[in-house]
Amino acid sequence: MSLNSTNSCITDRLEPANRLLASAVIYGLVLAIGLPLNTGSLWILIRRHGLRSPCAVLMVNLALSDLLLALSLPLRVYFYATLEWPFGVCTCTVAIMLFRINIRTSSIFITLISVDRMVALVFPLRSRTLRTSASALKGSILVWILISSLSIPEILRIHNGLKSCPYIPCFEFQVQGKGSGSISLSQAIFLLILMVVNIVSTVVVIVVLQKRPKVGATIVKNKINVMLIFVVNMLVFTIFFLPFTLQLLAFHGEEGNQILRALICLASVNCCLDPLIYYFSLDSFWQDKGKKQINMGTYSLSRSTERS
């Protein structure tokens, strides 16, 4: 093990080839499903819905984040299928960071979508001045700038660590040095805060929907769609985001590396589940933007979704 003042090379013997091949298969399946799903979703959101509503703006950014992750997966498939990395340090750094940035940006956009849906449901009229496409666009740009800026030290640390440990294959590399523990801890705390926000939003929506009588099939359908949004959001957090982040804190030695490798595979699946959020969040997801379906029912559930 080589060691310098800021980075330590941490490696373990590669797992049996069949286990690493399983990783290649999983990433290949995620790529085969996630790439067309997110490409299609992005096209539908922009072409048919445009950026006319805050919800659509947030979903475009979520789809873009997932698409960037999917585009990096061929590199992981190649590595775990061949156990070779001929693409250099910079490409490896980009591939690693695309995954980590996806976790961070996706968690933020999913939370913003949950809050937007909650506010649209609880305050359908009063929230219109606040919930505009312009404010959502500004917020999305701020998220990308903030996450990218905060990731710069991590990018440099990974890049320098890979250069100082050239004998460690790309995705088997872990950097533990000054600041890496604080980054993992900060990310874990941040994700937990976002998860609490999602839980609170879900509880508020459940309470509000329970207080409203079930009148008409359209209202019932809209209530189900609203609940499914929050169910999908909570599943993404609890199954895909949180385990990976917590394992970064508990990382230790060979066993920790094996668990982390499996959780990274699991976390990548989130890009296949996110398109469900688009389907349940936007009424008439497949329809052209000129063909609005506005529900004139008592509770304006459909209207708050379509115009959000």
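Values quoted throughout were computed directly from the atomic coordinates according to the rules given, and no laboratory measurement underlies them. What you are looking at is a predicted structure, and each value in this text was computed from that prediction instead of being measured. Counting neighbours? That spans all protein chains shown, and the Cβs are built from the backbone with ideal geometry, glycine included.
Quick notes
- Residue exposure proxy: Lys138, Lys223, Lys211, ordered by other Cβ atoms within 10 angstrom of their Cβ from fewest to most, comes out as Lys211, Lys138, Lys223.
- Maximal additional length on extending the Ser149-Lys211 stretch stands at 18.0 nm, based on 0.36 nm per residue less the C-alpha distance.
- Here the label points at Ala81 and Leu156, each 7 Å from Cα along the C-beta direction, are separated by 3.7 nm in the simple model.
- Computed from label points 7 Å out along Cα-Cβ, the spacing between Arg47 and Ser186 is 4.0 nm.
- Placing a pseudo-label 7 Å from each Cα along the Cα-to-Cβ vector at Ser164 and Ala22 gives an inter-label distance of 3.4 nm.
- By the count of other C-beta atoms within 10 Å, a proxy for reagent exposure, Thr82, Thr39 are ordered fewest to most as Thr82, Thr39.
- For segment 233-249, backbone phi angles converted through the Karplus equation (6.51, -1.76, 1.60; θ = phi - 60°) give residue-by-residue couplings of 4, 5, 5, 4, 5, 6, 9, 9, 8, 5, x, 4, 5, 5, 5, 4, 6 Hz, Gly and Pro being listed as x.
- Proportion of all alpha-carbon pairs of segment 37-83 beyond 18 Å (%): 40
- Val196/Ala134 FRET efficiency (R0 22 Å; Cβ-Cβ; nearest 0.05): 0.20
- Among Ser140, Ser268, Ser149, Ser135, sorting on how many other beta-carbon atoms sit within 10 Å of each Cβ, with the fewest leading, yields Ser149, Ser135, Ser140, Ser268.
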